[in-house]
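Reading through the structure tokens given below for one structure.
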Amino acid sequence: MKKIIIANWKMNPQTARQALQLADEVRRGAKSLKNVEAVLAPPFLYIPIISKILSGKSNLRLAAQDIFWEKGGAYTGEISADQLKASGVKLVIVGHSERRALGETNEIVNKKLKAVLGASMRAVLCVGEAERQKEVAFPKIIRDELHEGLTRIKKSLFRNLVVAYEPIWAISTAGRGRADNPQNIYEITTIIRRELYRMVGKRTASKISVLYGGSVDDKNARAFVKDGAVDGLLVGGASLDAKKFIGLLKEVEKIQ
Ligand code: PEP
């Protein structure tokens, strides 16, 4: 399986011109990648213009940062799975901690996951605890986010699921804003994988990529993928700097 590296641009950059320039630099930098699938998750607004510069042969995929679960109709401000798909989106991030902080519940996350997976796009389910609890190996909040987020979803749809473990305290703009350590990531993601085995069986679960996110940059990326044994990374801040992000992609590309 190729490693997946997702650039979550959040509400950046400020103009379409800057977005296009950043995407184009990354596109050129990603050209030689063989072992890594690079993904850009820009604000909705920039998706159509970036989609235009990505040919079928490009090593870059497009993701959305959110979605609405209804198919269409009177839902002011919302965007559906079919609209995203028609704009070239292949993956959708669901349940990011910054959306959960705005009131998104596991029930809402579940509806969004059903919409993404039902439209044959890949869903990136974000889970993670707000604070590190030393005595608890696997915080209940992560278990709940997995079980409630994935409830009543057909097992066959799990092949398009990606899980991103993002301890909120490790996100660069939140809490301590300092990366977790690879040993800890290895332990928690092993438990996440075991939980997924229990839910859908080993065969299906082994196809689910498990990523880490939280203050990853070009300097520490390699350690997380190598020693943390994750299948990829979700990157916020460092993905807004083309040089850093391309450097990060190349570090991961080197890992066998
Ligand atoms: C994120 O918010 O998903 C994230 C990983 O951000 P950062 O890389 O800036 O910590």
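The values are calculated or read from the model by the stated rules, or taken from the named source; none is laboratory data. Predicted, not measured: the structure shown is a model, and the values here were computed from it. Positions of Cβ are backbone-derived with ideal geometry, glycine not excepted, and every protein chain shown enters the neighbour counts. Only protein heavy atoms, including side chains, enter the accessible area calculation; ligands, DNA and RNA are left aside. Shrake-Rupley method; radii C 1.70, N 1.55, O 1.52, S 1.80 Å.
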Residues within region 216-235 that are within 15 Å of the ligand (Cβ to nearest atom) and part of a loop (DSSP other than H, G, I, E, B), tallied: 7
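A quick yes/no check of all residues on (1) away from the ligand (no atom under 16 Å from the Cβ); (2) in contact with a helix residue (DSSP H, G or I) (Cβ under 6 Å, 6 or more places away or on another chain):
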{"site": "Gly175", "(1), (2)": "no, yes"}
{"site": "Asn184", "(1), (2)": "no, no"}
{"site": "Ile188", "(1), (2)": "no, no"}
{"site": "Ile191", "(1), (2)": "yes, no"}
{"site": "Leu196", "(1), (2)": "yes, yes"}
{"site": "Lys202", "(1), (2)": "yes, no"}
{"site": "Ala205", "(1), (2)": "yes, yes"}
{"site": "Ser209", "(1), (2)": "no, no"}
{"site": "Gly214", "(1), (2)": "no, yes"}
Considering only region 7-20, state which residues are of a type outside the set (A, V, I, L, M) and surrounded by 13 or more Cβ atoms within 10 Å (Cβ to Cβ). Asn8, Trp9, Lys10, Asn12, Pro13, Gln18
Condition first: touching a strand residue (DSSP E or B) at 6+ places or on another chain (Cβ under 9 Å), modelled with pLDDT of 95 or more, closer than 24 Å to Ile246 by Cβ and assigned to a helix (DSSP H, G or I). Can you find one or more residues in region 28-40 that meet it? yes
Region 102-131, subset open to solvent by less than 10 Å² (accessible area, probe 1.4 Å) and part of a strand (DSSP E or B), residue nearest to the ligand (Cβ to nearest atom): Cys126
Looking at (1) more than 15 Å from the ligand (Cβ to nearest atom); (2) among the charged types (D, E, K, R); (3) crowded, with 19+ Cβ neighbours inside 10 Å, can you tell me which one Asp180 breaks? (1)
I'm told Ala23 meets every condition in (1) under 18 Å from the mean Cα position of the chain (by Cα); (2) more than 16 Å from the ligand (Cβ to nearest atom); (3) not in a helix (DSSP H, G or I) except one. Can you identify the failing condition by its number? (3)
For the list (1) open to solvent by less than 40 Å² (accessible area, probe 1.4 Å); (2) under 23 Å from Lys111 (Cβ atoms), I need the number of the one condition that Ile4 fails. (2)
